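Each remark here refers to the structure printed beneath this line.
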Amino acid sequence: MKQVIPVVVIKDAEDTERTLAALREGGINCAEITFRTACAEEAIKRGCKAFPDMNIGAGTVINAEQAERAVKAGARFIVSPGFGEDVAAFCAENGIAYYPGCVTPTEIMRALSFGLTVLKFFPAGVYGGIKAMKALAAPFPQVKFIPTGGVDLGNLKEYLDFDKTYAVGGSFMMKGDIVANCKEIVKICES
């Protein structure tokens, strides 16, 4: 089963355990906690302590200083909206998976020069979605994508069915009933 990576925005660290528990109850044992809020670092710490077996990473990381803070807090992977050489170097030096946002051939070639072959395709909906991913997969057969942005329950299966999709990211499961949304996602992943 391919992985779905929930993009989780925690605005109050007190909400961390409840939010991550809802993801797990729904069948998803992974979370990308974004570095868009003042409490992101604390949320990652709390999440890693409460759920040590959960794959918790940091998202919206835009420089090496944030990446270092996220890893010290316990993040197991780093995601960026774009490609950052300093973030790539930090993650390589520390054995941390790094998934930078890359949507053009030039960005993909830069990421490949750093040894990265799993790339976030963001924002997927704006940059041509599955059609664009298929076009980019031809000249870059070694690359797997994590489409994020514009993915929802209606098009999730189409992305998951593409053999160059490593995982699918998004915040669509965080709206409304998280548990029910995640159970629906698991059903789609298993079909």
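The values are calculated or read from the model by the stated rules, or taken from the named source; none is laboratory data. Keep in mind the model is a prediction, meaning the values are calculated, not measured. Every residue, glycine among them, receives a Cβ derived from its backbone with ideal geometry; neighbour counts consider all protein chains shown. To get the accessible areas, we keep the full protein, side chains included, count just its heavy atoms, and leave off ligands, DNA and RNA. Shrake-Rupley method; radii C 1.70, N 1.55, O 1.52, S 1.80 Å.
Data table
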| item | result |
| --- | --- |
| Gyration tensor verdict on the chain (Cα atoms; rounded if a/c is under 1.5, prolate if a/b is larger than b/c, oblate otherwise) | oblate |
| Mean accessible surface per residue for the chain, computed with a 1.4 Å probe while every protein chain stays in place, in Å² | 45 Å² |
| Pairwise label distance in nanometres, ARG76 with LYS187, each label 7 Å out on the Cα-Cβ vector | 2.7 nm |
| Extension gain (nm, one decimal) between ASP86 and GLU158, 0.36 nm per residue minus Cα-Cα | 22.6 nm |
| Carbon plus sulfur fraction of accessible area for the chain, probe 1.4 Å, in percent | 53 percent |
| Contact order relative to length of the chain, as percent, for alpha carbon pairs under 8 angstrom and 6 or more apart | 21 percent |
| Highest to lowest packing among 88-99, 143-154, scored as the average C-beta count within 10 Å | 143-154, 88-99 |
| Segment 101-150 versus segment 13-89: alpha-carbon centroid distance in Å | 22 Å |
| Anisotropy class of segment 73-155 from Cα gyration tensor, a/c 1.5 cut | oblate |
